[in-house]
């Protein structure tokens, strides 16, 4: 990011070169300012984000920008995320404003959570004399959020959705209702811990809520299956009872018929004797 500065470091500079304006000057802090617009307000280790820079010149002459970038405290001293504009320098008129193309920034995975400092660096030439200059913005800060917080934020909406589904299911099983109440408590506790930025504990509570919701759903399914089996058993028992009643009724009818048959035979014999006599 610092070709001008590095070039001046490693190149022998003669008095003639100095007179030819190869010196590097610095704009005064109040002669320029930058505004930054990040693609995301919440940044985690490993994220790829972008930032768009707006340069406001308070300088009486035009500025020609060759290099622009950002240096963060986790980088090597000469490290920058930025743009090489030397092939097509940007012209910023006196007291003018220019919005640069977005700069992509890869946040390293090993960056610690917390506040980190950075600054914007600009190299270019100023005025018609084309004097080289380098300008660094005042120190800025960026908040890097922890990986545990990222996992929590990705999981909390899923748990909330499952919790609402479980509540809407209107569980009938007493065990499932109890497990659902425990899951609600764990979810609410996770929210409280997250508000205190106790992310490890909050994430643990979310995992507990997830497990309890799964147990509640399984318990309700088992209860429904048991009810279905009981209903099936009662149905079959009813069929068997009806069958027994029908068979018993048939047997009673048959027995009654058999009891009436001897009387009929005796009557026939009496009638025959009377006829013969």
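The values are calculated or read from the model by the stated rules, or taken from the named source; none is laboratory data. None of these values were measured; they are calculated from a predicted model. Neighbour counts are summed over all protein chains in view; Cβ atoms, including those assigned to glycine, are modelled from backbone coordinates with ideal geometry.
Take the conditions closer than 29 Å to residue 85 by Cβ and either in the same structural domain as residue 104 (by TED's automatic domain parsing) or part of a helix (DSSP H, G or I) (or both) and apply them to residue 134. Does it pass?
Numbers: closer than 29 Å to residue 85 by Cβ: yes; either in the same structural domain as residue 104 (by TED's automatic domain parsing) or part of a helix (DSSP H, G or I) (or both): yes.
Considered against the rule, which asks whether it is closer than 29 Å to residue 85 by Cβ and either in the same structural domain as residue 104 (by TED's automatic domain parsing) or part of a helix (DSSP H, G or I) (or both), residue 134 comes out as yes.
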Query raised in the report: For segment 109-126, how many residues are surrounded by 13 or more Cβ atoms within 10 Å (Cβ to Cβ) and part of a loop (DSSP other than H, G, I, E, B)?
Result: 2
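Here is a yes/no grid of residues against (1) modelled with pLDDT under 95; (2) exposed (fewer than 15 other Cβ atoms within 10 Å of the Cβ); (3) at negative phi:
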site: 204; (1), (2), (3): no, no, yes
site: 214; (1), (2), (3): yes, yes, yes
site: 219; (1), (2), (3): yes, no, yes
site: 222; (1), (2), (3): yes, yes, yes
site: 225; (1), (2), (3): yes, yes, yes
site: 230; (1), (2), (3): yes, yes, yes
site: 233; (1), (2), (3): yes, yes, yes
site: 237; (1), (2), (3): yes, yes, yes
site: 241; (1), (2), (3): yes, yes, yes
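Just checking, does segment 72-80 include any residue being outside any loop (DSSP other than H, G, I, E, B) and within 28 Å of the chain's Cα centre (by Cα)? Even if it seems obvious, please write down each step before you answer.
Pass one, segment 72-80, residues outside any loop (DSSP other than H, G, I, E, B): 72.
Subset that is within 28 Å of the chain's Cα centre (by Cα): 72.
Within segment 72-80 (the criterion being outside any loop (DSSP other than H, G, I, E, B) and within 28 Å of the chain's Cα centre (by Cα)), the answer is yes, since at least one residue qualifies.
Yes or no: segment 147-157 includes at least one residue that is surrounded by 12 or more Cβ atoms within 10 Å (Cβ to Cβ), in contact with a strand residue (DSSP E or B) (Cβ under 7 Å, 6 or more places away or on another chain) and on the phi < 0 side of the Ramachandran plot. Working first, answer last.
Residues of segment 147-157 that are surrounded by 12 or more Cβ atoms within 10 Å (Cβ to Cβ), as a first pass: 147-153, 155-156.
In the following step, the residues that additionally are in contact with a strand residue (DSSP E or B) (Cβ under 7 Å, 6 or more places away or on another chain) were identified as none.
No, there is no match, as no residue in segment 147-157 is surrounded by 12 or more Cβ atoms within 10 Å (Cβ to Cβ), in contact with a strand residue (DSSP E or B) (Cβ under 7 Å, 6 or more places away or on another chain) and on the phi < 0 side of the Ramachandran plot.
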